[in-house]
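Taking it in order: structure first as structure tokens, then the write-up.
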Amino acid sequence: MIDSSSQAFKKARRQYLKSTRNRDPNIDKDWTPFRAAEKHFKARYPPPDLTKVLDLATLDESRASEVTAGIWAGKSDAVETHTFTTGSGSKGYTFPRLPGLILLPAFLCPEEQRNLIKWSLTEHARQPNETNLDVHYLLPAEGIWNAYLRDRNTLVYPRPIETDAEYLKQESGPRQLINNVSADTSNFELMNNVAKPPLPPSSNIRPATCSYLLPRLRWANIGWFYHWGTKQYDFSKGKIPVHDTIRKVCKGAVRSVDWQDIFASDTSDWGSHGPDWMDWHESYESDAGIVNFYQTKDTLMAHVDRSEVCATSPLVSISLGNAAIFLIGGITRDTEPIPILLRSGDVVIMSGPACRRAYHGVPRILENTLPPHLAEADGVDDPTWAVFKSYMETTRININARQVFPKDFDPGLPQ
């Protein structure tokens with residue numbers, strides 16, 4: 001239950017009343033179903049109703065303490081699903097409304113979750129992997145987390161603006177959304193030749209401490225470099241090999257699914273190369289992705305992944321830390337999205353032509369939902385866990401990886 005006597009609740013109520021005092025009562029008439037769902041789950045007041053949100057942890061007795069530890073819970077029957085048995089004998093779930101969407105609840109055990117959290121912060125969010133902070137700051141080579149552990153008051157200095165550099169031109173005023181064209185084998189060469197100048201560093205930031213910057217860490221790149229200014233991959237920078245830590249988890253998730261059961265009767269248009277699911281157990285190889293670091297007030301608005309040349313192979317998404325509401329709809333925002341409550345250790349696979357190019361987003365990180373096995377330092381056979389536990393109290397980490405090119409397609413790029 002939501003504590004209506006808490007200061008947070010009272011503050012949210014005041015802000016709601018203030019923001020809606022002069023609002024047009026018909027403002028929501030023009031919202032698409034996806035936008036309406038985003039607004040519903042983002043609301044701090046009144047708190048969102050989760051009775052129509054799928055929460056499969058409520059079926060698992062071993063996760064009862066995880067569900068009851070927080071104030072948020074959905075329903076196990078809120079969305080139609082079909083159950084299947086994975087290669088390891090655990091349960092997986094498919095969604096008749098969206099072929100290719102797979103949910104593997106509690107795919108990772110508590111120890112695996114802790115190891116991935118530590119890997120994300122200590123080993124991955126550092127050079128040579130780019131982060132959102134690198135655009136504006138000269139980060140230590142050891143990464144912001146390791147520098148923070150060494151001395152949280154260490155100053156990090158702004159990245160200087162190079163007078164002779166050709167930066168990406170950015171229009172003044174509100175940030176413009178980029179509606180990039182879907183990549184495929186026919187337009188790859190053209191898209192690869194699009195100029196991808198670096199984003200300009202901010203001209204008005206000051207030196208900042210590691211303790212100030214750490215909660216502002218939002219993402220760290222995996223594999224092929226992504227150019228946020230054009231929403232295309234910048235293959236000219238080469239590719240950093242995907243770490244075995246992530247590679248093994250992703251391949252394990254893909255191999256746990258019997259794709260014959262998922263797609264044997266599928267009649268979707270798989271493109272000129274035809275279906276490729278028959279080979280995924282052997283051919284799937286993640287070579288790009290991102291580690292997202294969400295704080296509890298962060299959101300990820302509705303978007304479509306259009307940058308991969310292969311629009312069908314699995315995207316594997318791993319949830320760690322606080323729970324979140326995940327929305328996934330159709331090829332337009334006019335499709336009402338499926339709402340899923342994702343908890344730490346859950347893995348989602350988006351695969352096939354209908355699912356890989358579907359709109360999806362994360363409108364809400366659910367505060368105070370860190371599971372007991374991450375929230376308790378005592379009883380964990382790791383003397384270093386306490387500092388990670390403290391960071392994760394307000395954090396959700398999402399690791400997602402995908403395969404950029406289809407099988408047998410040679411992009412002619414240096415590996």
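Cross-link pairs exceeding 19 Å in C-alpha to C-alpha distance, out of LYS29/LYS75; LYS42/LYS231; LYS169/LYS196; LYS11/LYS297; LYS39/LYS389; LYS11/LYS389, comprise LYS29/LYS75; LYS42/LYS231; LYS39/LYS389; LYS11/LYS389.
Helix-derived [θ] at 222 nm for the chain: sum -39500 (n - 2.57) over DSSP H runs of at least 4, divide by residue count, nearest 500?
Values: 13 runs with 93 residues, N = 415.
Rounded to the nearest 500, the figure is -5500 deg cm²/dmol.
In this simple spin-label approximation, SER76 and GLN15 carry label points 7 Å from Cα along the Cα→Cβ vector, and these lie 3.5 nm apart.
Of the residues TRP119, TRP224, TRP145, the one that moves most in a GNM of the chain with alpha-carbon contacts below 10 Å is TRP119.
Taking each pair of distinct Cα atoms in the range 193-299 once, what is the resulting Kirkwood hydrodynamic radius in Å? Intermediate results must be reported in sequence, preceding the final value.
Numbers: mean 1/r = 0.0564 Å⁻¹.
Kirkwood radius, the range 193-299: 17.7 Å.
Can you give me the orientation-averaged projected area of the convex hull built on the Cα atoms of the range 355-406, in nm²? Write down the numbers at each step before the final one.
Values: hull surface 23.9 nm².
Here the figure is 6.0 nm², rounded to one decimal.
When volume of the Cα convex hull per residue in Å³ is calculated for this entry, the matching label among (i) 157; (ii) 379; (iii) 168 is (iii). Computed from the alpha carbon atoms alone, the convex hull of the range 232-356 holds 147 Å³ per residue.
Dividing the mean sequence gap of close Cα pairs (under 8 Å, 6+ apart) by how many residues the range 132-220 holds gives a relative contact order of 51 percent.
For the range 302-380, the square roots of the Cα gyration tensor eigenvalues, ordered a ≥ b ≥ c, give a/c of at least 1.5 with a/b greater than b/c, which places it in the prolate category.
Taking square-rooted eigenvalues a ≥ b ≥ c of the alpha carbon gyration tensor, is the range 132-220 rounded, prolate or oblate, where a/c under 1.5 means rounded and, failing that, a/b exceeding b/c means prolate? Verdict is prolate for the range 132-220.
Pick from ILE262, ILE240, ILE27: which is most flexible by mean-square fluctuation in a GNM of the chain where alpha carbon atoms under 10 Å apart are linked? In this elastic network of the chain, the residue with the biggest mean-square fluctuation among ILE262, ILE240, ILE27 is ILE27.
Relative contact order of the chain, taken over Cα pairs closer than 8 Å and 6 or more residues apart, is 21 percent.
Structure remark: mean-square fluctuation, Gaussian network model of the chain, C-alpha springs under 10 Å; the largest value among GLY70, GLY229, GLY89 belongs to GLY89.
Where a number appears in this text, it was derived from the coordinates with a stated rule and is not lab data. Predicted, not measured: the structure shown is a model, and the values here were computed from it. Cβ atoms come from the backbone with ideal geometry, glycine included; neighbour counts cover every protein chain shown.
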